[in-house]
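Quick notes on the structure that follows.
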Amino acid sequence: MILAVDLGSTTFKAGVFDDVPALRGSGSRPLRYRYGPGGCVELEAEEVTSAFRHAIRAAIDEANVPPEAIHALAVTSQAQTFTVVDPAGRAKMPFISWQDTRAQETCRALQGEPALRDFGEHASFGDMLAVLEICQLKHLQTTQPGALAPEDRVFSLPTYLVHRCTGAVATDDNLAAMSGLYSLALEDWWPAALEVCRIRREQLPKVVPVGSVAAHTGRGSRGLGLPEGIPVVLAGNDQTAGAFGAELHEKGSLLITLGTAQVAYACTQEISAPDPALIRGPYPGGRGYRMAADSCGGNVINWARGILPRCETDSAFFARVDSAEPGCRGLVFDAELPAGEGAWRNVAFHHAPAEFARSVVEGLVRRMADMVRRLDVDRSAAKILVAGGGSRSATWVKLLADVLGTPLTVTEADPLSGAARMALASDLRGTD
């Protein structure tokens, strides 16, 4: 049995899988964030530990298997959420979420930092467009001098929990490359980034290849109801785990995710060259990935449902969409997130609510089509898979297929299943 855990942004989920892998039992626990002034989004360390423990125990209980039946733990995670720990591994502060925006000004300042001028050559991101861990660390050092003492260490979310289970301090290269502190070119922590943040290499985890064993459980796993000595596999970010679960590497496919955000993801034979418009990084088996992501997705549809008449449910909203003619008689909707702005253009008195609804979906479809084009995948040769909550809408999928000019195959891209598959594919003997 494989126990897989997805450290998601809203919920921690766990699943027990057999060797097929088929799900035998699952559990979850929503996260309770603390929101503060200036864009503060934090998670208390006890909340993190409690959610992890609760999800795992619920999954094992539902699977109705003895803990001794679990022979591996696989962990996939949100990226860039971290804390500072003391030499004993105790968190000195809450986890700073990747959603935290307090470091925006620091991020803008770092974009002009001479030492980081070749940032795109090293990191997953072609440009420092998001508030990455490197920005948060620099901001922390600037605004709270002494918050990171020389003997302290920086733990990402999975590093912290794996340390609790194993005593080891590790991360995988897939997640490390998304921090802005790791160099894909050097395959190690990036000295220039560490110097800018005034941290030493010894304050960061060891880095292992994504999909490999980082350590084995120790006494700390007893509180989770897990046996000692089982291997812990690090399964990268949730998009990569989901892609692995969809077997993207075997099918030569492109994966489109229609979720709260929209993502287009392709597996490559090796890590791609940097591109300011794309995200790249390691994929299991020595491969690479490239990905385009857009914060506009199901969240925009949820907003539209709330303001348009008779659109209270998904089915009601998409019934409205179906009743409008293509092109919405010239009505166009454009959204811009994370600015939180959107606007309809060419509004006329003859436009009805159905056209307002359809124009929102057509706008999202245009954005996804642009992302697919950026990935430069041969659509005539590749099978295009579509997953996520939006894939349950036949209307949304059909509109996208029409714009892309190719059929789409609805699939599951579950990060838990992908993490379990990585564990099954890895050498579970591993090393600590």
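Structure values in brief
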{"item": "Ala277 vs. criteria among the hydrophobic types (A, V, I, L, M, F, W, C) and touching a residue at least 24 places away in the same chain (Cβ under 8 Å)", "result": "yes"}
{"item": "In region 159-177, the residues that are under 22 Å from the mean Cα position of the chain (by Cα) and either surrounded by fewer than 18 Cβ atoms within 10 Å (Cβ to Cβ) or within 28 Å of Glu105 (Cβ to Cβ) (or both)", "result": "Thr159, Tyr160, Thr171, Leu175, Ala176, Ala177"}
{"item": "Enumeration of residues in region 408-427 that are farther than 25 Å from Ala316 by Cα and not hydrophobic (A, V, I, L, M, F, W, C)", "result": "Asp414, Pro415, Ser417, Gly418, Arg421, Ser426, Asp427"}
{"item": "Asp152 surrounded by fewer than 21 Cβ atoms within 10 Å (Cβ to Cβ) and touching a residue at least 24 places away in the same chain (Cβ under 8 Å)", "result": "yes"}
{"item": "Given (1) in a helix (DSSP H, G or I); (2) among the hydroxyl-bearing types (Ser, Thr, Tyr); (3) at pLDDT 95 or above, number of the condition Ser315 does not satisfy", "result": "(3)"}
{"item": "Unmet requirement for Ser156, which otherwise passes all of (1) more than 18 Å from the chain's Cα centre (by Cα); (2) small (Gly, Ala, Ser); (3) at negative phi", "result": "(1)"}
{"item": "Yes/no for Gly297 being surrounded by fewer than 19 Cβ atoms within 10 Å (Cβ to Cβ), in the same structural domain as Lys398 (by TED's automatic domain parsing) and over 21 Å from Ala420 (Cβ atoms)", "result": "no"}
{"item": "Members of region 302-318 that are in contact with a Cys (Cβ under 9 Å, 6 or more places away or on another chain) and among the aliphatic types (A, V, I, L, M)", "result": "Ala304"}
{"item": "Residues that are in a loop (DSSP other than H, G, I, E, B), of a type in the set (Gly, Ala, Ser) and farther than 22 Å from Ala324 by Cβ, drawn from region 377-412", "result": "Ser380, Ala381, Ala382, Gly388"}
{"item": "Test: residue in region 1-12 that is in the same structural domain as Pro94 (by TED's automatic domain parsing), more than 28 Å from Cys135 (Cα to Cα), free of Cβ contacts under 8 Å to residues at least 40 places away in the same chain and not acidic (Asp, Glu)", "result": "no"}
{"item": "Selected residue (only one of Leu258, Leu234 is buried (at least 21 other Cβ atoms within 10 Å of the Cβ), over 14 Å from Leu375 (Cα atoms) and either basic (Lys, Arg) or assigned by TED's automatic domain parsing to the domain that holds Lys383 (or both))", "result": "Leu258"}
{"item": "Some residue of region 203-212 being in contact with a strand residue (DSSP E or B) (Cβ under 6 Å, 6 or more places away or on another chain) and among the small types (Gly, Ala, Ser)", "result": "no"}
{"item": "Residue that is modelled with the lowest pLDDT [pool: residues in region 318-339 that are among the acidic types (Asp, Glu) and assigned to a strand (DSSP E or B)]", "result": "Glu336"}
{"item": "Any chance Val41 is within 25 Å of Phe95 (Cβ to Cβ) and part of a helix (DSSP H, G or I)", "result": "no"}
{"item": "Matching residues, region 103-149, being surrounded by fewer than 17 Cβ atoms within 10 Å (Cβ to Cβ), under 27 Å from Met93 (Cα atoms) and of a type in the set (Lys, Arg)", "result": "Arg108"}
{"item": "Residue tally, condition surrounded by fewer than 23 Cβ atoms within 10 Å (Cβ to Cβ) and assigned to a strand (DSSP E or B), over region 14-29", "result": "7"}
{"item": "Where a residue in region 198-226 is in the same structural domain as Asp61 (by TED's automatic domain parsing) and closer than 30 Å to Gly146 by Cβ and its partner, wherever it lies, is part of a helix (DSSP H, G or I) and of a type in the set (Val, Ile, Thr), with Cβ under 6 Å and at least six apart", "result": "Pro205/Thr159"}
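The values are calculated or read from the model by the stated rules, or taken from the named source; none is laboratory data. Predicted model only: the values in this text are computed from it and were never measured. Using ideal geometry, Cβ is built from the backbone for each residue, glycine included, and neighbour counts are taken over all protein chains shown.
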